[in-house]
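K.L.:
Okay, here's the structure, questions in a sec.
The values are calculated or read from the model by the stated rules, or taken from the named source; none is laboratory data. Everything numeric in this text was worked out from a predicted model, so none of it was measured. We place every Cβ from the backbone using ideal geometry, glycine too, and count neighbours over all the protein chains shown.
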Amino acid sequence: MEEQKGGLLVVMAHPDDESMGAGGLILRHTRAGVATNLICATYGEAGWMGKPPGANREDLAEIRAKELEEAAAALALNGVELWDYPDGGVPAADQQQITQRIWEHITKLHPRAVVGWGPDGAYGHPDHIAMGVCTDAAVAAMTEGDRPALYHLAVDQPLAQFYAQAARLAGNSHPLPLQPQEKVDVVIELDADEVMMKLRAIDCHRSQLEDWRIAIRDHPQLMKEGYGREPYIAVSSRTTGLTAAGLLGEFA
Ligand SMILES: [Zn+2]
């Protein structure tokens with residue numbers, strides 16, 4: 001992986017956020033030759049969807065860092081900056097320091113667009129919300145000429161319906177408390193190849209493979225609805241649409 005100036009910077013909280021939340025967006029851009037970098041704030045050491053055989057809980061940070069490395073290769077990311085803020089403890093960490101570090105990274109890489117978590121954190125995850133606030137602040141602190149466009153990950157009604165259906169299919173009676181947005185600005189629709197490539201990245205996060213992700217595999221229509229559609233909110237952008245190549249407007 002080689003860091004490259006310009007392009008897209010994605011700022012997430014946990015290993016797997018990038019593949020599950022923005023895998024399609026990342027693939028669109030890396031496949032088109034747009035340099036795409038990732039900041040991940042934590043090692044995700046608190047996640048424990050299932051214990052890999054022979055693994056200890058204290059090894060999870062290392063396991064997830066390795067999984068992120070594999071997913072980054074599957075997504076063809078140019079660079080990954082993995083920080084060691086505590087999983088679940090991002091809001092209690094020094095917010096000014098996090099903002100400063102994101103700002104420094106933006107200053108170094110000069111991305112044309114930054115994509116981060118919105119104030120809803122998709123389902124209210126405190127780490128997502130805190131990282132989103134710090135990302136917004138870092139972008140706002142850039143001088144006007146250097147300031148990249150800013151987008152937030154979003155959940156809209158069709159995506160929320162998908163999650164509810166997937167949870168039912170897996171017999172999960174406690175689905176995520178999603179916060180769907182009334183209106184989103186950009187929807188990236190993936191073709192069948194892109195869905196498969198995104199799935200390959202998601203599958204790298206083996207320690208976090210949830211039941212519903214396995215349950216939907218026999219349901220191509222659900223796979224398309226859930227993985228094939230990524231809504232985003234344009235917080236500040238040159239154009240809110242997609243280019244003819246399906247890239248964010250900044251990459252026309
Ligand atoms: Zn997350």
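K.L.:
Every residue in region 89-137 that is in contact with a His (Cβ under 9 Å, 6 or more places away or on another chain), over 19 Å from Glu230 (Cβ atoms) and either within 14 Å of the ligand (Cβ to nearest atom) or aliphatic (A, V, I, L, M) (or both), please.
P.N.:
Result: Val90, Asp127.
K.L.:
Where the second residue is assigned to a helix (DSSP H, G or I) and more than 11 Å from the ligand (Cβ to nearest atom) and the first is under 16 Å from Thr42 (Cβ atoms) and of a type in the set (A, V, I, L, M) and lies in region 122-133, which pairs have Cβ atoms under 8 Å and are six or more apart or on separate chains?
P.N.:
Ala130/Gln95; Ala130/Ile98; Met131/Ile98; Val133/Gln95
K.L.:
Out of region 1-59, which residues are surrounded by fewer than 18 Cβ atoms within 10 Å (Cβ to Cβ), modelled with pLDDT of 95 or more and hydrophobic (A, V, I, L, M, F, W, C)?
P.N.:
Ala32
K.L.:
Additional query: Of all residues in region 172-213, count the ones that are farther than 17 Å from Gly23 by Cα, in contact (Cβ under 8 Å) with a residue 60 or more places away in the chain and in contact with a strand residue (DSSP E or B) (Cβ under 8 Å, 6 or more places away or on another chain).
P.N.:
Summing the residues that are farther than 17 Å from Gly23 by Cα, in contact (Cβ under 8 Å) with a residue 60 or more places away in the chain and in contact with a strand residue (DSSP E or B) (Cβ under 8 Å, 6 or more places away or on another chain) in region 172-213 gives 1.
K.L.:
Identify, from the list Arg31, Arg57, Arg64, the residue that is out of contact with any strand residue (DSSP E or B) (no Cβ under 6 Å at 6 or more places or on another chain), within 16 Å of the ligand (Cβ to nearest atom) and not hydrophobic (A, V, I, L, M, F, W, C). Can you show your working first?
P.N.:
On the way: Arg31 fails: within 16 Å of the ligand (Cβ to nearest atom); Arg57 fails: within 16 Å of the ligand (Cβ to nearest atom).
So the residue among Arg31, Arg57, Arg64 that is out of contact with any strand residue (DSSP E or B) (no Cβ under 6 Å at 6 or more places or on another chain), within 16 Å of the ligand (Cβ to nearest atom) and not hydrophobic (A, V, I, L, M, F, W, C) is Arg64.
K.L.:
Something else: Please go through region 214-227 and give me each residue that is buried (at least 19 other Cβ atoms within 10 Å of the Cβ) and either in contact with a Gly (Cβ under 8 Å, 6 or more places away or on another chain) or touching a residue at least 40 places away in the same chain (Cβ under 8 Å) (or both), ordered by number.
P.N.:
Passing the criteria: Ile216, Gly226, Tyr227.
K.L.:
In region 138-177, what residues are within 15 Å of the ligand (Cβ to nearest atom) and at pLDDT below 95?
P.N.:
Tyr163, Leu176, Pro177
K.L.:
Is it the case that region 105-112 has a residue that's within 22 Å of Leu153 (Cα to Cα), among the basic types (Lys, Arg), surrounded by 14 or more Cβ atoms within 10 Å (Cβ to Cβ) and touching an Asp or Glu at 6+ places or on another chain (Cβ under 8 Å)?
P.N.:
Within region 105-112, one or more residues are within 22 Å of Leu153 (Cα to Cα), among the basic types (Lys, Arg), surrounded by 14 or more Cβ atoms within 10 Å (Cβ to Cβ) and touching an Asp or Glu at 6+ places or on another chain (Cβ under 8 Å).
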